[in-house]
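To start, the structure under review is shown below, and the notes come after it.
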Amino acid sequence: MPGPIQSLTRAAAILRLLAGGERQLALGDVALTLGLAKGTVHGILRTLQQEGFVEQDPVTGRYQLGAELLRLGNSYLDVHELRARSLMWADDLARLTGESVRIGVLHQGGVLVIHHVFRPDDSRQVLEVGSMLPLHATAWGKVLLAFDPVAHGDLEAELKPYTRRTLVTHGDVDAECERIRGLGWAGEREEAGDGLASIAAPIRDRRGSPLGAVGVGGAVERLTEDGEFPARLVAAVRDTARSISRDLGATLY
Amino acid sequence: MAHRYVAAIDQGTTSSRCIIFDSNSRILAVDQREHRQIFPRPGWVEHDAEQIWARVQEVVTGALDRAGLQPSDLTAVGITNQRETTVLWDRATGRPVHHALVWQDTRTEALCADLAADGGRDRFAETTGLPVASYFSGPKIAWLLEHVPGVRERAEAGELLFGTIDTWLIWNLTGGAAHVTDVTNASRTLLMDLRTLDWDDGVLAALDIPRSLLPEIRSSAEVYGTARGVLEGVPIAAALGDQQAALFGQTCFGVGDAKSTYGTGSFLLLNTGDEPVRSRHGLLTTVGYQLGSDRPVYALEGSIANTGSLTQWLRDRIGLISTAAEIETLALTVEDNGGLYLVPAFSGLFAPHWRPDARGVIVGLTGFAGKGHLARCVLEATAFQTRDVVDAMVLDSGVALKSLKVDGGMTSNNLLMQTISDMLDVPVIRPFVAETTCLGAAHAAGLVTGVWSDLDALRADWQRAAEWTPRLDPRTRERRLRKYHKAVELAKGWIDEDDEIEVG
Ligand SMILES: Nc1ncnc2c1ncn2[C@@H]1O[C@H](COP(=O)(O)OP(=O)(O)OP(=O)(O)O)[C@@H](O)[C@H]1O
Ligand SMILES: [Mg+2]
């Protein structure tokens, strides 16, 4: 095993120093305290600053811990906040496609539905907020599997077959994820239930990490044409995912 | 057919919003900005009217930019606003003489008590539909005339203008050309006769308010003038108080239709048709809307002062959460309220109790109570208060509620919507476009300018986006309601006559 990387060890020491005692330190003080050359410390501070881990006071020129560091500890976005910020876009997606919309996040090896908008036809529907969807058999789950390494790690060893079309081997799921990463969205046709289909795309945070998936689900006859997912529906779902992500601060395209 | 777009400006208590809709009622773009809440003393709440005007111009420009549109692409603009909030300004310079007194402000309570000493709280109710309360604009105007140096003289000399926020915005948008208000906003001043739809000389005399201050009262949907500046050339074609706009946006056009809007405060309105109905159970009689030269449509209103503001309080003053939505996360860390009941009478109790001498209480505290329970009891307070006004409405109208149409920022809170359904024991229904306030203003403006042909065209755009159904057993519901009502009794009468600080 190789030894510790010197610059990382020094960066850690600088962060620890900034975290304790005085809140702001000058470059010279940091160098002096750690017994390092000013140039070395400056290089490390600049890099930490670029990553947002350290901030420099524009007036005094002194350094302090950056906001990014605070965010690291609780970097997840509150799911209720995600719902509040998605509400308008999800409503619009349902109206545009005429299908019901769900937003799901990874939770205990499955997809937790945190938001559900009815199909806009005034038919009797039941709110499914709080219910779980399978990772390997729905468009929402497959989006998470493809884009979120944690989700992929959560996948069960035995994949439950819901229909004849459910992907039940890890090889098939991995190949599908590869395809989804290339496309940027996922489709599912009668893999979770007979007669049902879904289309979903990833919602990303400001760093591009996947927070969840937004998608439409409904009758396979409406969601597919000749076995394909119509471009109109796919575009609507992807636009919605982009709009929500943009509102959450992601810089896309 | 070329696309037709309508803008709505929603000037609210906490923020200003501009939304641009297309002719299918779809949202093209939104922009929103908060303004400063000024709390000079307990019970006093002010806004800087000039900052509000600046924010409104910013969000209009912002929404147009996001939609990629020019003002010339807009067929019309509709205005909706926080109601009752009172601005007095100089007609020559356009400068306000004082910060705006916000509807939640209770500084006029002493003045109202004096007024009520002669003829009771309901002395103007027959004419105006309202009790004498610090909530309404009339007493706020009287306070400004009395307490701001020089203002009485300038008002008598005809130098000053009064407006609720609709009036202030239309005056500024038209570059000072139009000094008008609409019937719904005017019905919240305590100064308008509900039947003649004109200012009432009796009330004006009692409050000693010169008529020269007052804007002309117009319908809710007609062209008041053409905008200049950020909306250069766009007809200003509708104005509605925010709650009335939401009633319109929820397509509550029929007698018996009702909606509840969950924002800073919450307001349940029931369409009572072309006759004003007097409440015997603490509700207000108000104008719902008036389309051009049509007869006005009246409504009964249950006003709750503090609902979303409690979330803000938990966030900004108590610091338990960092965003409004996190209250749900915190509330879900516990299974129930842990025995805590909160009565948020921060500015007295509104409907159906109308007790200015009440103040907020939290009861049932034990060593077991934690912050999750506090979050729960804050959310439950909104549900209990809704139940109280629904009960009053059922008593007044004699019609049982079958379901409740809801909208507003708090409808994104799933736990709250479920709790409301549980407490009312009826389904709670959220429509598409939770921004019904803006939608209502856009619809009214679009009706005037031919974007929509008639009310049926608007009805066709209403559809349910979500529905919560009751899940609580009756015994638990009754027990919780009983506890809440015990807590309400404890909140009443907290203010004493010599509590200078609390009542100003
Ligand atoms: N998820 C939530 N749970 C609880 N309260 C919330 C939630 N989201 C927003 N709120 C509260 O709802 C209010 C915002 O809703 P909305 O934007 O409809 O208010 P509003 O009354 O229209 O604002 P304004 O008074 O500016 O018009 C705020 O008071 C906020 O604290
Ligand atoms: Mg509002």
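The values are calculated or read from the model by the stated rules, or taken from the named source; none is laboratory data. Predicted model only: the values in this text are computed from it and were never measured. Counting neighbours? That spans all protein chains shown, and the Cβs are built from the backbone with ideal geometry, glycine included.
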Odd one out for B:G409 among (1) buried (at least 24 other Cβ atoms within 10 Å of the Cβ); (2) under 25 Å from A:E81 (Cβ atoms): (1)
From B:E34, B:E50, grab the single residue that is more than 21 Å from B:P235 (Cβ to Cβ), more than 14 Å from every other protein chain (Cβ to nearest Cβ), within 15 Å of ligand 1 (Cβ to nearest atom) and among the acidic types (D, E). B:E34
Out of B:T382, B:T386, I need the residue that is within 16 Å of ligand 2 (Cβ to nearest atom), in contact with a strand residue (DSSP E or B) (Cβ under 7 Å, 6 or more places away or on another chain), part of a helix (DSSP H, G or I) and not aliphatic (A, V, I, L, M). Which one? B:T382
Right, B:E301: among the acidic types (D, E) and surrounded by 19 or more Cβ atoms within 10 Å (Cβ to Cβ) or not? yes
What's the number of the condition A:A175 fails, among (1) in a helix (DSSP H, G or I); (2) more than 10 Å from chain B (Cβ to nearest Cβ); (3) surrounded by 15 or more Cβ atoms within 10 Å (Cβ to Cβ)? (3)
B:P42: passes all of (1) out of contact with any strand residue (DSSP E or B) (no Cβ under 9 Å at 6 or more places or on another chain); (2) within 15 Å of ligand 1 (Cβ to nearest atom); (3) closer than 25 Å to B:E109 by Cβ but (2)
In the list A:R232, A:R222, which residue meets the criterion of being loosely packed, with under 13 Cβ neighbours inside 10 Å, assigned by TED's automatic domain parsing to the domain that holds A:F118 and out of contact with any strand residue (DSSP E or B) (no Cβ under 6 Å at 6 or more places or on another chain)? A:R232
Looking at B:T329, is it within 14 Å of chain A (Cβ to nearest Cβ), within 16 Å of ligand 2 (Cβ to nearest atom), in a helix (DSSP H, G or I) and of a type outside the set (A, V, I, L, M)? no
Being of a type in the set (G, A, S), in contact with a helix residue (DSSP H, G or I) (Cβ under 6 Å, 6 or more places away or on another chain) and surrounded by 11 or more Cβ atoms within 10 Å (Cβ to Cβ) narrows it down to one of A:A19, A:A26, A:A12, A:A31, so name that one. A:A31
Within the bounds of region B:86-105, is there any residue that is touching a Lys or Arg at 6+ places or on another chain (Cβ under 8 Å), closer than 22 Å to B:L145 by Cβ and within 15 Å of ligand 2 (Cβ to nearest atom)? yes
Just to verify a result, which residue in region B:294-326, among those that are in a loop (DSSP other than H, G, I, E, B) and within 14 Å of chain A (Cβ to nearest Cβ), is nearest to A:A84 (Cα to Cα)? B:A325
On the given criteria, is B:T449 of a type outside the set (A, V, I, L, M, F, W, C), within 16 Å of ligand 1 (Cβ to nearest atom) and either under 16 Å from B:A246 (Cβ atoms) or buried (at least 18 other Cβ atoms within 10 Å of the Cβ) (or both)? no
Scanning for something within 16 Å of ligand 1 (Cβ to nearest atom), more than 14 Å from chain A (Cβ to nearest Cβ), surrounded by fewer than 18 Cβ atoms within 10 Å (Cβ to Cβ) and at pLDDT 95 or above, does region B:67-81 turn up at least one residue? no
Quick check on this structure: which one of B:L88, B:L28 is away from ligand 1 (no atom under 14 Å from the Cβ) and modelled with pLDDT of 95 or more? B:L88
Within region B:492-500, is there a residue that is touching a residue at least 24 places away in the same chain (Cβ under 8 Å), within 14 Å of chain A (Cβ to nearest Cβ) and β-branched (V, I, T)? no
When region A:208-253 is checked residue by residue, the ones that are outside any helix (DSSP H, G or I) and free of Cβ contacts under 8 Å to residues at least 40 places away in the same chain are A:A219, A:T224, A:E225, A:D226, A:G227, A:E228, A:P230, A:Y253
Looking only at region B:229-252, count how many residues are in contact with a strand residue (DSSP E or B) (Cβ under 8 Å, 6 or more places away or on another chain) and in a loop (DSSP other than H, G, I, E, B). 4
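Each row is one residue, and each column tells you yes or no for (1) surrounded by 21 or more Cβ atoms within 10 Å (Cβ to Cβ); (2) within 20 Å of the chain's Cα centre (by Cα).
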residue: B:V6; (1), (2): yes, no
residue: B:I9; (1), (2): yes, yes
residue: B:S15; (1), (2): no, yes
residue: B:I19; (1), (2): yes, yes
residue: B:R26; (1), (2): no, no
residue: B:A29; (1), (2): no, no
residue: B:F39; (1), (2): no, yes
Tell me, which helices (runs of 4 or more DSSP H) lie completely within region B:425-504 with 3 or more residues that are within 24 Å of the chain's Cα centre (by Cα)? B:436-448, B:455-459
Looking only at region A:54-83, how many residues end up being assigned to a loop (DSSP other than H, G, I, E, B) and either surrounded by 11 or more Cβ atoms within 10 Å (Cβ to Cβ) or modelled with pLDDT under 80 (or both)? 8
Filter result for the condition that a residue is on the phi > 0 side of the Ramachandran plot and away from every other protein chain (no Cβ under 14 Å), over B:G450, B:G446: B:G450
Among the listed residues B:E159, B:E216, B:E153, identify the single one that is surrounded by fewer than 23 Cβ atoms within 10 Å (Cβ to Cβ), touching a Lys or Arg at 6+ places or on another chain (Cβ under 8 Å) and not hydroxyl-bearing (S, T, Y). B:E159
Can you find, within region B:249-267, the residue that is farthest from the other protein chains (Cβ to nearest Cβ) among those that are within 16 Å of ligand 2 (Cβ to nearest atom) and closer than 20 Å to B:G78 by Cβ? B:F267
Exclusive hit being in contact with a Gly (Cβ under 6 Å, 6 or more places away or on another chain) and not basic (K, R), set B:V87, B:V151, B:V102, B:V132: B:V87
Of (1) over 18 Å from the mean Cα position of the chain (by Cα); (2) crowded, with 18+ Cβ neighbours inside 10 Å; (3) more than 10 Å from chain B (Cβ to nearest Cβ); (4) not charged (D, E, K, R), A:L127 satisfies all except one. Which? (3)
Single condition B:V255 does not satisfy, out of (1) in contact with a strand residue (DSSP E or B) (Cβ under 6 Å, 6 or more places away or on another chain); (2) outside any loop (DSSP other than H, G, I, E, B); (3) under 21 Å from B:V389 (Cβ atoms); (4) among the hydrophobic types (A, V, I, L, M, F, W, C): (2)
Out of (1) in a helix (DSSP H, G or I); (2) surrounded by fewer than 23 Cβ atoms within 10 Å (Cβ to Cβ); (3) away from chain A (no Cβ under 14 Å), the odd one out for B:A400 is which? (1)
Identify, from the list B:S412, B:S403, B:S397, B:S309, the residue that is over 17 Å from the mean Cα position of the chain (by Cα), within 12 Å of ligand 1 (Cβ to nearest atom) and hydroxyl-bearing (S, T, Y). B:S412
